[in-house]
Amino acid sequence: MIQCFASPRFEKNFIGGKKPRLLSASKIDFQYTIHPRILHKHDDFLESLFVRTGTGVYIVDEKRYPIKAGDLIICNAGTLHDEDPECSVDLNTLCVAVTDLQLPGLPVNHLIDSAYTPIFPTGEFSDMIGYLMTTIYTLLANDPVGSGESCHYLMMALLSKLVVIIREYCALHGDTLLSRTDIIVAQVKSYINTHFDEDFTLQDMADSIRVSPYHLAHVFKEETGYSPKQYTLRRRLGEAQTLLISTRKSVTDIALEVGFGNPSHFNSMFSKYIGMSPSKYRESYINMEGLTMPPKTLL
């Protein structure tokens with residue numbers, strides 16, 4: 001027999017008055033019939049995604065990252081993220097959403113510093129991370145109320161291990177410095193995120209960051225894979241998906257709120273990129289997830 005003893009002393013990673021709280025767990029298979037969430041963000045929680053099998057491309061902020069089995073993707077609160085389904089090959093992922101997380105030296109609901117890449121290979125800990133996430137998802141899927149305490153402690157174990165993996169990786173690879181191209185792309189992204197619900201032109205963006213429209217469009221497409229116009233459209237559709245899922249607002253009101261002056265054009269673009277109408281998406285997403293719409297008093 002080999003007996004291992006736990007040390008009574010250990011580093012406490014979590015600070016603050018609140019304890020991290022598990023919000024949800026998701027499992028997405030490549031057979032998934034509903035289009036994945038387009039460019040969106042969460043202001044009050046973070047997501048940790050784990051690639052079970054397959055390969056693909058994940059977009060965090062303005063950068064495209066190749067992902068493969070065993071990779072961990074961290075999306076801090078307030079961080080825009082997106083998937084490129086056209087680049088996915090048998091991609092299967094797990095996702096855990098957490099709120100009230102406070103780590104030393106980081107903003108609330110941030111698991112990594114913004115200077116580091118959001119993609120981390122889990123290496124020898126791949127099986128452990130996959131097992132923890134799968135167990136959390138399975139328990140929630142079968143008994144969301146009765147498994148609450150078990151899932152909480154599993155989440156704490158998961159977060160503790162992720163912190164170790166991330167710190168070791170960052171210690172080996174060092175800080176990421178922003179190039180001039182990175183800065184331009186970040187400025188364009190910031191402009192679009194601030195004005196996506198407004199009517200603006202490429203020239204407006206170029207004037208705001210003092211570069212030529214041609215250079216702006218070329219650099220942005222080269223780095224993100226999307227033209228500024230395509231990125232703006234995806235940002236609007238991603239916000240629309242969030243509003244369809246989380247509010248009772250009408251489709252027309254949502255269209256206007258995210259920057260579509262013509263609701264018919266909104267319906268057309270949504271159906272083209274998501275694969276179904278906004279109304280059908282709302283109905284399908286909520287039925288599939290077993291969710292209920294929030295009460296109107298919350299709007």
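The values are calculated or read from the model by the stated rules, or taken from the named source; none is laboratory data. Computed from a predicted structure; not experimentally measured. For neighbour counting, all protein chains shown are included, and Cβ atoms are generated from backbone atoms with ideal geometry for every residue, glycine included.
One line per residue, one yes/no per condition, for (1) of a type outside the set (Gly, Ala, Ser); (2) within 25 Å of Asn13 (Cα to Cα); (3) not assigned by TED's automatic domain parsing to the domain that holds Tyr153:
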{"position": "Asp71", "(1), (2), (3)": "yes, yes, no"}
{"position": "Ala77", "(1), (2), (3)": "no, yes, no"}
{"position": "Asp82", "(1), (2), (3)": "yes, no, no"}
{"position": "Glu86", "(1), (2), (3)": "yes, no, no"}
{"position": "Asp90", "(1), (2), (3)": "yes, no, no"}
{"position": "Cys95", "(1), (2), (3)": "yes, yes, no"}
{"position": "Asp100", "(1), (2), (3)": "yes, yes, no"}
{"position": "Leu103", "(1), (2), (3)": "yes, yes, no"}
{"position": "Leu111", "(1), (2), (3)": "yes, yes, no"}
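How about region 240-267: which of its residues are of a type in the set (A, V, I, L, M, F, W, C), in contact (Cβ under 8 Å) with a residue 24 or more places away in the chain and assigned to a helix (DSSP H, G or I)? Before the answer, list the steps.
At the first step, the residues of region 240-267 found to be of a type in the set (A, V, I, L, M, F, W, C) are 240, 243-245, 251, 254-256, 258, 260, 266.
Retained after the next criterion (residues that are in contact (Cβ under 8 Å) with a residue 24 or more places away in the chain): 240, 244-245, 251, 254, 258, 260, 266.
Answer for region 240-267, where residues must be of a type in the set (A, V, I, L, M, F, W, C), in contact (Cβ under 8 Å) with a residue 24 or more places away in the chain and assigned to a helix (DSSP H, G or I): Ala240, Leu244, Ile245, Val251, Ile254, Phe266.
Suppose we filter region 142-151 for residues that are surrounded by 13 or more Cβ atoms within 10 Å (Cβ to Cβ) and within 18 Å of Lys27 (Cα to Cα); how many remain?
Within region 142-151, the subset surrounded by 13 or more Cβ atoms within 10 Å (Cβ to Cβ) is 144, 147, 150-151.
Among the residues that remain, those that are also within 18 Å of Lys27 (Cα to Cα) are: 144, 147, 151.
Number of matching residues: 3.
Go through region 27-127 and tell me which strands (runs of 3 or more DSSP E), entirely inside it, have 3 or more residues that are surrounded by 15 or more Cβ atoms within 10 Å (Cβ to Cβ) and not acidic (Asp, Glu). Break it down into steps so the answer makes sense when it comes.
Values: elements: 46-60, 63-68, 71-75, 81-83, 89-99, 119-121.
Ranges flagged: 46-60, 63-68, 71-75, 89-99, 119-121.
Applying the selection to region 112-148, what residues are among the hydrophobic types (A, V, I, L, M, F, W, C) and more than 20 Å from Tyr169 (Cβ to Cβ)? Full working, then the answer.
Going residue by residue through region 112-148, those that are among the hydrophobic types (A, V, I, L, M, F, W, C) are 112, 115, 119-120, 125, 128-129, 132-133, 136, 139-141, 145.
Across region 112-148, the qualifying residues are Ile136, Leu139, Leu140, Ala141, Val145.
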